[in-house]
Every structure is written in structure tokens, then in C-alpha cells.
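Let me give you the structure first, and then I'll get to my questions.
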Amino acid sequence: MSKNKRGKALWRLPSRSRGTCPICGSTRIKLLYIGKSADGGKLDVCKKCDGKQAV
Ligand SMILES: [Zn+2]
């Protein structure tokens, strides 16, 4: 599947991929990137926080 971070593919996702980033706290931002939670799990984060470790 190409371009799964753009366009109509997003609208199939729960909440249309928008929410509050758990790391930087931005609201109504697209959470399409993977960060790491404090316990080693995965978090949905925004582009700015791609790959970051939550504290
Ligand atoms: Zn963020």
C-alpha cells in the first residue's frame, strides 16, 4: 500500500488519524508516526516526535 500517510487512506483509521500527541501535546494533529512509550511499548505520535522516547 503506497502513501498510507496521505489522502483517503487516513479516513479509514479510527478518529481519522487525528488526536493529541502524547509527547509534545499538540492537539488535533495527525498521529501517523511511531514513538516509544516509557515502558518500551509503541506510541502513536506526530511527525515532530517520530521515533522519540516518551518520558
Ligand atoms: Zn508530537
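Restricting attention to region 13-33, which residues are surrounded by 10 or more Cβ atoms within 10 Å (Cβ to Cβ), modelled with pLDDT of 95 or more and more than 10 Å from the ligand (Cβ to nearest atom)?
none
What is the number of the single condition among (1) touching a Lys or Arg at 6+ places or on another chain (Cβ under 7 Å); (2) exposed (fewer than 13 other Cβ atoms within 10 Å of the Cβ) that Leu10 does not meet?
The number of the failed condition is (2).
Residue check: is Lys8 among the basic types (Lys, Arg) and either over 9 Å from the mean Cα position of the chain (by Cα) or modelled with pLDDT under 90 (or both)?
Yes; evaluated as a whole, the condition is true for this residue.
Restricted to region 1-43, and to residues that are out of contact with any strand residue (DSSP E or B) (no Cβ under 9 Å at 6 or more places or on another chain) and hydroxyl-bearing (Ser, Thr, Tyr), which residue is farthest from Ala54 (Cα to Cα)?
So the residue we want is Ser2.
Under 7 Å by Cβ, and 6 or more places apart or on different chains, what pairs join a residue from region 6-25 that is under 16 Å from Lys47 (Cβ atoms) with one that is β-branched (Val, Ile, Thr) and within 16 Å of the ligand (Cβ to nearest atom)?
Arg18/Ile29; Thr20/Thr27; Cys21/Ile29; Cys21/Val45; Pro22/Val45; Ile23/Val45
The values are calculated or read from the model by the stated rules, or taken from the named source; none is laboratory data. Since this is a predicted model, take the numbers as computed values, not measurements. Because the Cβ atoms are built from the backbone with ideal geometry, glycine has one as well, and the counts that use them run over all protein chains shown.
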